[in-house]
Amino acid sequence: MSVLIYAESPGGQLKKAAYEAVTFGHKVAKIIGTPHVVALTIGKVEGSEVLGKYGATKVLNVAHEGGFDSQVHTSIIAQVAAKAGSKVVIVNHSADGKSLLGRLSVKLKAGSVSGINALPTFEGGKLRATKGVFSSKAFATYEVKTPKAVFSLMGNTLPPEEVGSDIAPENIAVTIPKSRIVVIKEDRAKGTVPLPEAELVVSAGRGMKGPENWGIIEELAEELGATTACSRPVADVGWRPHHEHVGQTGVAIRPNLYIAAGISGAIQHLAGVNSSKVIVVINKDPEAPFFKAADYGVVADLFDVVPRLTAALKKYKAQ
Amino acid sequence: MKLLVCVSKTPETTTKVSFTDGNTQFNTSGVQYIMNPYDEWYALVRAVELKEKAAGSKVTLVNVGPASNDSILRKGLAIGADQALRVNAEPSSAYFVAAQIAQYAKGMDIVFTGKETIDYNGSEVAAILAELLDLPYISYATDLQVEGNVATVTREIEGGKEIVKVQMPFVVSASKGMAEQRIPNMRGIMQAKRKPLVVREPKKMSDPVSIVQYTLPAPKSAVKLVDPEDMDELVRLLHEEAKVI
Ligand SMILES: Cc1cc2nc3c(=O)[nH]c(=O)nc-3n(C[C@H](O)[C@H](O)[C@H](O)COP(=O)(O)OP(=O)(O)OC[C@H]3O[C@@H](n4cnc5c(N)ncnc54)[C@H](O)[C@@H]3O)c2cc1C
Ligand SMILES: Nc1ncnc2c1ncn2[C@@H]1O[C@H](COP(=O)(O)O)[C@@H](O)[C@H]1O
């Protein structure tokens, strides 16, 4: 018996989300009572021995050329799961991970729960896992009725922990089906942490008046090392790129810190951000609904306050 | 082209969420339902646009749900689908839904779903369906162009996008950007009344997972207001009290 973690490595680089998933898998293994934690990488990957440090007891690699294809990757992961006798398979709740989850559940005859946000429980031989539903307005606990389970893990659920030491990766051979998809181009913003993984997020809305004013938001984000986000109308009119739109119909995030400037806090916006650990709201209207969901609030003109906050951070970092 | 669009029903986006029966059932009293936005605004509209460009094409809607969902299907017909099929069953899990739809998806050129339903936020049905049908699956598409029997699809990935080519048939889930929302007009609404909507009984099967408990998030304590003149204080609070920086 084992727990298998698919460690995603876009562009050959392991991400923080992969380390998180491995530490999470290490804890799940303890919960279900197995010492075997298998981390799998697909394609050329640098530095996968470090997955041992984060809790893997075995690091496997399947050599593979070509881009992501949920059908091909599912086949690879399922073959490794069969060889490793995996009872639980964990993927990230990312674009690729979400495309794999349902397929894996069919292939492995394993009940699936997507976007889990806490460690599962294991009682009477049954796994139970919790996830956000109704766009994080509530949580639902699912019971898995099959002997095997597949989970996708929400980013930022548990921090990666160093619980072991480096392990040399081993190659493992599986049958690779022919892909019916050709990846022509991949564009990823370089340098910044993608929103679903970001621990710190600075977001702004219509209160910004226009795209030309976003400099102060970018400066604050840079000072913090945060990723930028926005409300939906702002992305709709093209002030900001689509992938920055958070909320019910955008990206759902749960960073440690969410700073919102010039966003009213409509219920559809809150739906995507209200599981953030700490929310700071900057709005000139004391009646803005966002204050009800905030931990800290500043009632003021954002054009004054945001640069002042950036300056205060700079001062704090200098100390 | 034969195009299948999976549409679901979700509570309206401003719905107050509560539960009954010891927090094991979603409280449906007073809840207004809508067609899931991703299904309606993007998947369906793009399918209709493709149909309008390729003579002889047909858009079929499919829903797994009770009779009260017929209004959702009629709306989809008013937006431009040609026919609708409802599998008469409560959608008790993503697997159940996908397995029901799979029976009717054979022979389709493109199967569309939304990115996710905005109630259970599973994002699972499309991938399960693709595996059951042994088809390629492109998730979170923001653009879909078809030429001959090959589609070029742009999909969202973390912090960016990916462009892929795929041969029909395939499954695709639609994200924002794939099309522009269409409001049904009077003519569409009148025509929808005469378009076929058939109902089929479900294939029996058990659910691999089920919800045993709901919980509501702990209520937030009141917001702490910080003096706008004193941003050093906010930084101190974030560092010392909230411990997030
Ligand atoms: C089905 C549906 C789905 C939706 N999904 C989403 C979603 O996913 N994400 C999303 O964000 N929205 C979504 N919306 C839209 C949502 O209802 C709101 O319209 C939107 O969030 C408002 O954006 P905003 O807060 O930027 O703008 P506004 O509501 O216009 O708020 C601007 C705020 O800025 C403040 N302000 C103005 N000037 C200043 C200043 N100088 N200093 C400080 N504060 C200032 C104002 O007091 C105001 O509170 C959805 C709507 C629907 C119907
Ligand atoms: N009951 C249903 N009937 C038909 N299609 C559905 C149903 N539930 C979900 N879908 C489709 O699957 C997509 C993803 O749903 P989900 O996996 O539940 O997030 C939706 O956007 C719909 O296109």
In segment A:39-80, residue surrounded by the fewest Cβ atoms within 10 Å (Cβ to Cβ) [restricted to those that are in a loop (DSSP other than H, G, I, E, B) and within 14 Å of chain B (Cβ to nearest Cβ)] = A:Gly66
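Considering A:Ile116, A:Ile90, A:Ile77, which residue is in contact (Cβ under 8 Å) with a residue 40 or more places away in the chain and more than 25 Å from A:Phe139 (Cβ to Cβ)?
Numbers: A:Ile116 fails: more than 25 Å from A:Phe139 (Cβ to Cβ); A:Ile90 fails: more than 25 Å from A:Phe139 (Cβ to Cβ).
Within the list A:Ile116, A:Ile90, A:Ile77, the selection yields A:Ile77.
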Within segment A:103-121, is there a residue that is open to solvent by 60 Å² or more (accessible area, probe 1.4 Å), hydrophobic (A, V, I, L, M, F, W, C) and under 30 Å from A:Gly272 (Cβ atoms)?
-> yes
Going by the conditions given, is A:Asp304 of a type outside the set (Ser, Thr, Tyr), near ligand 1 (Cβ under 9 Å from one of its atoms) and either within 10 Å of chain B (Cβ to nearest Cβ) or open to solvent by 20 Å² or more (accessible area, probe 1.4 Å) (or both)?
-> yes
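Please state which one of A:Val251, A:Val281, A:Val234, A:Val201 is outside the structural domain of A:Ala95 (by TED's automatic domain parsing), open to solvent by less than 10 Å² (accessible area, probe 1.4 Å) and closer than 25 Å to A:Glu8 by Cβ.
Numbers: A:Val251 fails: open to solvent by less than 10 Å² (accessible area, probe 1.4 Å); A:Val281 fails: closer than 25 Å to A:Glu8 by Cβ; A:Val234 fails: closer than 25 Å to A:Glu8 by Cβ.
Every option except A:Val201 fails the conditions.
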Does any residue in segment A:268-294 that is more than 16 Å from ligand 2 (Cβ to nearest atom) come within less than 6 Å, Cβ to Cβ, of a residue that is among the aromatic types (Phe, Trp, Tyr) six or more places away or on a different chain, and which pairs are these?
-> A:Val273/A:Tyr258; A:Ser276/A:Tyr258; A:Ile279/A:Tyr258; A:Val280/A:Tyr296; A:Val281/A:Phe290; A:Val281/A:Phe291
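Being small (Gly, Ala, Ser) and more than 29 Å from A:Phe134 (Cβ to Cβ) narrows it down to one residue among B:Gly148, B:Gly159, B:Gly177; which is it?
Details: B:Gly159 fails: more than 29 Å from A:Phe134 (Cβ to Cβ); B:Gly177 fails: more than 29 Å from A:Phe134 (Cβ to Cβ).
The match here is B:Gly148.
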What is the one condition in (1) of a type outside the set (A, V, I, L, M); (2) surrounded by 23 or more Cβ atoms within 10 Å (Cβ to Cβ); (3) in contact (Cβ under 8 Å) with a residue 24 or more places away in the chain that A:Arg180 does not satisfy?
-> (2)
Out of segment B:206-237, which residues are facing another protein chain (nearest Cβ under 7 Å) and farther than 30 Å from A:Ala110 by Cα?
-> B:Lys220, B:Val223, B:Lys224, B:Leu225, B:Val226, B:Pro228, B:Met231, B:Asp232, B:Leu234, B:Val235, B:Leu237
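Okay, residues lined up against (1) part of a strand (DSSP E or B); (2) open to solvent by 60 Å² or more (accessible area, probe 1.4 Å):
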| position | (1), (2) |
| --- | --- |
| B:Val166 | yes, no |
| B:Lys176 | no, no |
| B:Ala179 | no, no |
| B:Arg187 | no, yes |
| B:Tyr214 | yes, no |
| B:Pro228 | no, no |
Criterion: at pLDDT 95 or above, crowded, with 24+ Cβ neighbours inside 10 Å, of a type outside the set (S, T, N, Q) and part of a strand (DSSP E or B) - qualifying residue of B:Val111, B:Val87, B:Val146 | B:Val111
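Considering only residues that are more than 16 Å from ligand 1 (Cβ to nearest atom) and in a helix (DSSP H, G or I), which ones fall in segment A:164-213?
Of the residues in segment A:164-213, the ones more than 16 Å from ligand 1 (Cβ to nearest atom) are A:164-194, A:197-200.
A:Glu197, the sole residue that qualifies.
The values are calculated or read from the model by the stated rules, or taken from the named source; none is laboratory data. The shown structure was predicted, so the numbers you read here are calculated from the model rather than taken from an experiment. No Cβ is skipped: glycine too gets one built from the backbone with ideal geometry, and neighbour counts run over all protein chains shown. In case anyone asks, the SASA skips ligands and DNA or RNA and just uses the protein heavy atoms, side chains included. Shrake-Rupley method; radii C 1.70, N 1.55, O 1.52, S 1.80 Å.
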